[in-house]
Every structure is written in C-alpha cells, then in structure tokens.
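The values are calculated or read from the model by the stated rules, or taken from the named source; none is laboratory data. The structure presented is a predicted model; accordingly, all values stated were derived computationally and were not measured. Quick reminder, even Gly has a Cβ in these numbers, built from the backbone with ideal geometry, and neighbours come from all protein chains shown.
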Amino acid sequence: MKTILKTSLMCFLCFLTLVHTANSAVITLSDGSSREAESLIYNDDKLTLQIGSESVVIARTDIKNISFSGRQQKSEKMATDSADLQAFMPRALELLKKYPDAQSILVSEEGNFQHRADGTNLSRYRSISYIAKEEALWEAEVSMSFDPNRERVRVLHARCLLPDGTVHNLQPEQIKISKGTSGSVFFDQYQELSFTIPEVAVGSLVDYCYETEEYNPFDRNLFQGRNYFQWSSPVGESILRVSVPHEKQLHFVAYNCPPDFKPEKIEAVDSVVYTWKLTDLPPVVSEPYMPPYRDIVPSVYYSLHKDFTYVHNKLRPMFEKRFELTDMVKKKVDELIEGARDLNEKIARLYLFCQKEIRYISIKGNLASNQVGHAAEETLKNRYGDCTDKGMLLATMLKHIGVEAYPVGIRTNDSGKAVREISIFDDNHCITEVHLDGRIFYLDSTATDYRYPFFRSDDHDTIADNTMLGTRNQVPLPPPEDNAMHVTRNIQLAADGTTRIEFESTQNGTSEASFRESARNLKPEEYEKQIRQSVSALTADYSLEIATHSDPLDFTAPFKSRSAYTLNRFATKSGRYMIFSIPYFELSFPEVSLEKRHYDIQYSTSRLRTDKVEVKLPASFNVKFLPPALRIQSAYVEFEIIYDQQGDTINITRKLAFPRRMVPTADYQTFKSDLEKIAHASKQKIFLEEKPVSVTATDNQTASEPVAIDTASSTEPASHEGDR
C-alpha cells in the first residue's frame, strides 16, 4: 500500500510540474505536520509553497499528501462589539406582550447567500432570540455541520445580553469541532461545529452569527437554496438576501406568501442582490395530522437553473456508468429467478432480494454518491447500500429479465411537496420506476417487509424525477384496497357474560409490512406476552388459548395473525339485562378533535379496514336492542355498518375507507361531523334481555370450550392504527 501511495503521489507531482495553481492546498509532510498554502509550484522534485508573503520550499521526499479540497479550520478572533444588541430588547418585549405564552421569540434573523463569479459561494446567518421561559434555554446550544473538504465555517460572534445589560461573549476556545453525527447506517465526511453561549438565562437575548464559505463546490455552475420565514416561535423579522453576478440569472419561487410578495432587487457593482423580508409572523401552532412545516410556512426557493436540463445532463452519464449489467449481476439474477413461474414472480423475487439481502448503509462523499449512488455490481458485491444504491441495483437486475426500470428521486410525502418549478436538489429518497406492459408503477427496495407489488406509504402521492429519461411522473396514491386490514371475529357469549373470541386478521400494503416487521422482531413468547398485555387491558380475568401468526418471512401470501381468548364474565349484567360491547371495536379520530383547523389534514396514504363479526347468543337471552345501520359516503371517507340478527346469531359487517390523503380545511367541518358519527356508532352497545324461566332453553355452551382466535389485529397495539 505504501508503494502505491508513493507512486500515486509521484504521478500527481509530475502532473504539477511547472504548473502554478491559485487554489489553496493543504500539504501533509512525512513527519505528520501540515501546511496550508495559498498557491504552489512543483519543479525539479521540489514544491514551492506561497504562504502569505513567505515562500517555502519542500523536497518531494518530505511530502506525504497534497489536498486541494481539505482546508484547515482557522481560529479567528470573534467580534465582541454588542452595541446594536440592546436595540432589539424593546422589540422582543413588544412581541412577548403579544404572545405571552411563547417560550422564546425569534426577534430577528437574516440569511445572506452569495454566489461569486468564480463559482464559489459564501453565506452568512445571524439570529437574535429572546428567551422567555426555561424550556427555551436549549437555544443557547448551537451546532452546524459542514464538509471540511468543501466548506469552511467561521463563527463571527456569539453572545447573550442579560436583562441587567451585562453581555457574555463566547470565546474561540469554547468552540468544538468534531466528527458529524453519523449513525450506525450513515457515513459521510461531515464534521460538526458546536458551542454553548455562556450565561444564558430567562429574559436574555441570544445572538450569534456565523459564515460558511464553500470554496470547493461540487459544481461551480450550481447554486441553489431555500429559506423559511416562520417557525414555532413568533418572528419579529426574517430577511433573506441572495446575490449573483450580473451575468447570471437567478430563478426563484415563493410559497405560502402574500400575493404581492416580491423581492427588492438592487444592482450592485459586481452583482445583483435580491432581498425578501417578512415581519410580525405568529407562531405555528401544531395540529394533529398537519402537513410538514415547509408546506405551510412562507418560503422562497432559488436556483441558477430554471429547469432540470443542466442537472440531468450532468448526472445522466453518472447514472449510465453505474447502470451497467455486468456478468456478476446477471449470474445473481439467474440464480434468484430459477424456477419462477412467470415474470411477476421473477420481479417479486428480485424485489425481495434487494429488500432483505442488501443492508441499508449510506456512504456519501461527493456529488456522484449523493445524487447517483454506487454501481449496481459494487452494491451487490458489498451487500449494502442506501436508497439510491438499492434503487439502482433493482433497476439493473430487472433490466436482465427484460423489464425497463430506473432509479428515480422523490421527496417523501412526510417531508413536504417537492419543488419542481425550478431546478434544485429537493429529493430525499430514491425508489424504482418500472415500465411494464404499457403502465408505470413503483417499488421501494429500501423497505424490508413489503410483499410485491406493494411499497412504502411515504412514497405515495409524490413526484418522481427520472434523470435518465428526463421525465417527472406522479407516483400514484394506491386505492384503499392496497393498504387494507381485514378482520373476522367469532364470538360466543355465555349466560353469565363470559365471552370467547376467535380472531383472525389479514393485511396487505403498509399495514402488512408493519405487522411483518413487528412479528419477525419478536420471539414467540414475546409475541404472546404482547397479546396477553393487550387482552389483560380488557379484564384481569381472562385465559389466552392461541396467539400466533403466519411466517413473517414468507412473502408468497398475505400475512395473517390469529388468537383465541376468553374474557370471564366480561359482558355487564343488570337484573334481566345484559349489555355487550365488542372488544376493540371502538374508533377514535384525534385529527378532528379541534373545533376548527388552520391547516389541512394529511395522512400518509389511503387505507381500508373491514370487520366481520359473528356473535352467538346464549339460549336464555333475546335481543332487546341492536344499534342501527349507518352509511356515510363522501370524497374523504366511506363507512358502512350493518347489524343483522338471524335466530341466535348476530352478524355485524363494517367497512371504513379513506380514499384520499389530504382533507382541506374548507371541508373540515363536514369531515369532522362524519368522523364523529362514525366514532359514535362504534361505541354503540348490544342489549340483551333474559327470557322468562318457562321458555328458557338449556344452554349447552360453556366458557371453557377451546377456540382459535386471532388476537394479532385486534389486540396488538399496532392494530389500533388500522382501526383508525
């Protein structure tokens, strides 16, 4: 390895012969020390470094490494002048009077983003907050990540102003730089700069400002960004400034802003400066099932490119290079599809392999790995990769069986709508787009428990950006039937109120994947314990006979769960009457708990739940009251419940479907009324009356008969989501 490194360094130095570079570089010497030079010249086995006004000559044999991307983080003296800070205190107190419940006030924030003529970028951000309650003291802790191979971060000042006028400044030695917070499956080159502003207390202003220089961008023709103007705290003023050279045009879009919201445009000497400003913004108050922040707050997105032509042309060759069907990939595909009955089974096997056998690990370092990922063969060989790697591998494998497929970028629906009006990197996930028999559908091999052709719910109703084709397609919202839970209960009711239940559930889509994941992570005894805990919440006097499920690793059939349990003297008796409620039949809808909403209701996907219940009555009782049928049909919810008595048997059928993902605030009151009716219907009880003694039939039913019941859907905590 040392020989290879020395040879590589020699070739690199030869390349620099008689070449002068104005780019700064970090030179690591053989003794481990390093020097940062503003420029360098290599000639006659010697390297001449220009460090300020000094020239330093180093022999080639003393050089261990040269990096034009890494720059040392310099310690610089921070500003301590706080003359302007006191002027923000009256504004903070004014906002606090208007919003007395606020934990903190963002009095002022300003972001400045500059794209320079040489393609490098410089940004500066300042934030001034007022700490109103102890819960906001965490705002004294500031951290930011940066790529040391491309960026340099400099803290200009960080301080707090106490109510008595005392100012406490952060000292340079209190700033920490550490490896970024890469988790067990995320690895990148980022580092984290962090500090804690000293002596922050309730009633103080917290003020910090930092500058980020991107001196080695991925691409000097790319400049893009976004800015949000509203937060969970009240905002006094929020300012965005973006400047670009005269010869370059800035494209931008604004969302959730006033109709007349336009930037102020100033022609400077060497650039054009765009300024957006909003003031007096109330806090965003969270609501159940509200959209992500970026979809509801005022925002501006900007880019040098109006459309995706440049980005697609830049990335397409990278995709094509990694989209190579090598002999190794072919051999693995042939092995996986051997004996498959048809094309759909072949696709299902490849889909399952990429889910289960390719471990999710994300390794990022440059534009290619960030946006394109790694070659299909490399991912197959490593047996790990991130969403882009797995999407690329699946698409390449499908190519071998004659199926046209591509890795495509999306922004998951829990992260907000993707910006497509201008060209920015706005995707946070990659899935696989499949073209087959004249239709387009999607698979997501990042998940681990989805049975073909189902895929993750946060992919639904998004926009897929296909770099290789240069197209953008809508990822459809599946019908409720593709994310369903079907439950059956056979109930035997005894004269003393003892209730025996046989339960079975079958799922598909996201519901099925959730149950599979839960089941495969639990030992049989742990699964039984979970069911027992759920049943014991109904009554302490119970017996559990069965708690089982199908093999979670068998993807040839839908996942099923079964349970059987007896609830002793469960139904309430009062004199000649018995009152019976079906366990786990009640529904609740926290999304309509508010009298009115400011934000739309957003679900992850469509969904369906069906229930079939058969109740065998004790021979000594007649039905006194059955709840009435209820039918609701709207654009947002479909519901039906029917009670039908045939002799000593009551049959109950119920269907609840949510065909859409979004409910706009304009339709909230109607939707709220419908769900409240459904919730009320789910709480209805069955009333039975004891027959006169002279006509009482012998009750041969006993509470100890063995019964097979499925508890998994009805008694597991996970099933309650399905109930919703």
Taking the stretch 603-631, which residues are touching a His at 6+ places or on another chain (Cβ under 6 Å) and either under 17 Å from Ile641 (Cα atoms) or among the aromatic types (Phe, Trp, Tyr) (or both)?
Thr610
Could you grab me the full set of residues in the stretch 464-480 that are of a type in the set (D, E, K, R) and either crowded, with 16+ Cβ neighbours inside 10 Å or in a loop (DSSP other than H, G, I, E, B) (or both)?
Asp465
Candidates Asp611, Asp674 - the one that is in contact with a Lys or Arg (Cβ under 6 Å, 6 or more places away or on another chain) and either buried (at least 19 other Cβ atoms within 10 Å of the Cβ) or among the basic types (Lys, Arg) (or both)
Asp611
For residues in the stretch 548-586 being surrounded by 19 or more Cβ atoms within 10 Å (Cβ to Cβ) and of a type in the set (A, V, I, L, M), which is farthest from Arg516 (Cα to Cα)?
Met578
So Ile632 passes all but one of these: (1) under 17 Å from Pro480 (Cα atoms); (2) touching a residue at least 60 places away in the same chain (Cβ under 8 Å). Which condition number does it fail?
(2)
Please determine whether any residue of the stretch 395-408 is aromatic (Phe, Trp, Tyr), within 14 Å of Leu443 (Cα to Cα) and either in contact (Cβ under 8 Å) with a residue 60 or more places away in the chain or assigned by TED's automatic domain parsing to the domain that holds Gly438 (or both).
yes
Can you tell me which residues in the stretch 664-688 are touching a residue at least 40 places away in the same chain (Cβ under 8 Å), closer than 21 Å to Arg609 by Cβ and more than 29 Å from the chain's Cα centre (by Cα)?
Asp674, Glu676, Lys677, Ile678, Ala679, Ala681, Ser682, Lys683, Gln684, Lys685, Ile686
Close pairs from the stretch 268-279: first without any contact (Cβ under 8 Å) to a residue 60 or more places away in the chain, partner in a strand (DSSP E or B) and among the acidic types (Asp, Glu), Cβ under 6 Å, at least 6 apart
Thr275/Glu264; Thr279/Glu237
Within the stretch 498-529, how many residues turn out to be within 20 Å of Val487 (Cα to Cα) and either assigned to a helix (DSSP H, G or I) or aromatic (Phe, Trp, Tyr) (or both)?
14
Filter the stretch 525-547 for residues that are touching a strand residue (DSSP E or B) at 6+ places or on another chain (Cβ under 8 Å) and small (Gly, Ala, Ser); which is surrounded by the most Cβ atoms within 10 Å (Cβ to Cβ)?
Ala547
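Results for (1) more than 30 Å from Glu690 (Cβ to Cβ); (2) among the polar types (S, T, N, Q); (3) touching a residue at least 24 places away in the same chain (Cβ under 8 Å); (4) part of a loop (DSSP other than H, G, I, E, B), shown as yes or no for each residue.
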site: Ile531; (1), (2), (3), (4): yes, no, yes, no
site: Val535; (1), (2), (3), (4): no, no, yes, no
site: Ala540; (1), (2), (3), (4): no, no, no, yes
site: Leu553; (1), (2), (3), (4): yes, no, yes, yes
site: Ala564; (1), (2), (3), (4): no, no, yes, no
site: Arg569; (1), (2), (3), (4): no, no, yes, yes
site: Lys573; (1), (2), (3), (4): no, no, yes, no
site: Met578; (1), (2), (3), (4): no, no, yes, no
site: Tyr584; (1), (2), (3), (4): no, no, yes, yes
The one condition in (1) at pLDDT below 95; (2) out of contact with any Leu (no Cβ under 7 Å at 6 or more places or on another chain); (3) small (Gly, Ala, Ser) that Ala376 fails to fulfil:
(2)
Please tell me if Leu278 is of a type outside the set (Asp, Glu), surrounded by 15 or more Cβ atoms within 10 Å (Cβ to Cβ) and touching a Leu at 6+ places or on another chain (Cβ under 7 Å).
no
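Which residue, of Ser606, Ser593, is in contact with an Asp or Glu (Cβ under 8 Å, 6 or more places away or on another chain) and in contact (Cβ under 8 Å) with a residue 60 or more places away in the chain?
Within the list Ser606, Ser593, the selection yields Ser606.
Tell me, which strands (runs of 3 or more DSSP E) lie completely within the stretch 112-204 with 2 or more residues that are surrounded by 17 or more Cβ atoms within 10 Å (Cβ to Cβ)? Full working, then the answer.
On the way: elements: 121-131, 141-146, 151-161, 167-169, 176-179, 191-196.
Here the list reads 121-131, 141-146, 151-161, 167-169, 191-196.
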Among (1) surrounded by fewer than 20 Cβ atoms within 10 Å (Cβ to Cβ); (2) under 33 Å from the mean Cα position of the chain (by Cα), Phe515 falls short only on (1)
Restricting attention to the stretch 602-612, does a residue exist that is of a type in the set (D, E, K, R) and in a loop (DSSP other than H, G, I, E, B)?
no
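How many residues, within the stretch 425-463, are in contact with a helix residue (DSSP H, G or I) (Cβ under 9 Å, 6 or more places away or on another chain) and either among the aliphatic types (A, V, I, L, M) or assigned to a strand (DSSP E or B) (or both)? Step through it out loud before you land on a result.
Initially, the stretch 425-463 is screened for residues in contact with a helix residue (DSSP H, G or I) (Cβ under 9 Å, 6 or more places away or on another chain), giving 425, 427-434, 436, 442-462.
Remaining after also requiring either among the aliphatic types (A, V, I, L, M) or assigned to a strand (DSSP E or B) (or both): 429-434, 436, 442-443, 447, 462.
Of the residues in the stretch 425-463, 11 are in contact with a helix residue (DSSP H, G or I) (Cβ under 9 Å, 6 or more places away or on another chain) and either among the aliphatic types (A, V, I, L, M) or assigned to a strand (DSSP E or B) (or both).
Assess whether Asp101 counts as being part of a loop (DSSP other than H, G, I, E, B) and either surrounded by 15 or more Cβ atoms within 10 Å (Cβ to Cβ) or modelled with pLDDT of 95 or more (or both).
Taking the combined requirement at face value, the residue satisfies it.
If we scan the stretch 225-235, do we find a residue that is farther than 19 Å from Pro283 by Cβ and at pLDDT 95 or above?
Within the stretch 225-235, the subset farther than 19 Å from Pro283 by Cβ is 225-226.
Still in the list and also at pLDDT 95 or above: 225-226.
Yes, that holds for at least one residue.
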All-but-one check, Tyr360 against (1) within 24 Å of Pro478 (Cβ to Cβ); (2) modelled with pLDDT under 95; (3) buried (at least 24 other Cβ atoms within 10 Å of the Cβ), failing number (3)
I'd like to know if the stretch 636-643 contains one or more residues that are in contact (Cβ under 8 Å) with a residue 24 or more places away in the chain, surrounded by fewer than 17 Cβ atoms within 10 Å (Cβ to Cβ) and not assigned by TED's automatic domain parsing to the domain that holds Glu287.
no
Which one is nearest to Thr412 (Cα to Cα) among residues in the stretch 267-284 that are of a type in the set (A, V, I, L, M) and at pLDDT 95 or above?
Val284
Could you grab the pairs with beta carbons closer than 7 Å, sequence gap of 6+ or different chains, first residue in the stretch 244-265 and exposed (fewer than 11 other Cβ atoms within 10 Å of the Cβ), second one in a strand (DSSP E or B)?
Glu264/Thr275; Lys265/Val272; Lys265/Tyr274
What are the residues in the stretch 424-463 that are surrounded by fewer than 21 Cβ atoms within 10 Å (Cβ to Cβ), more than 19 Å from Ala484 (Cα to Cα) and among the polar types (S, T, N, Q), if any?
Asn428
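Here's a check for you: in the stretch 690-701, which residue that is surrounded by 15 or more Cβ atoms within 10 Å (Cβ to Cβ) and either touching a helix residue (DSSP H, G or I) at 6+ places or on another chain (Cβ under 6 Å) or charged (D, E, K, R) (or both) is modelled with the highest pLDDT? So that I can check it myself, show each step before the final result.
Of the residues in the stretch 690-701, the ones surrounded by 15 or more Cβ atoms within 10 Å (Cβ to Cβ) are 690-691, 701.
Remaining after also requiring either touching a helix residue (DSSP H, G or I) at 6+ places or on another chain (Cβ under 6 Å) or charged (D, E, K, R) (or both): 690-691.
Numbers: Glu690: 95, Lys691: 92.
Residue satisfying both the conditions and the ranking: Glu690.
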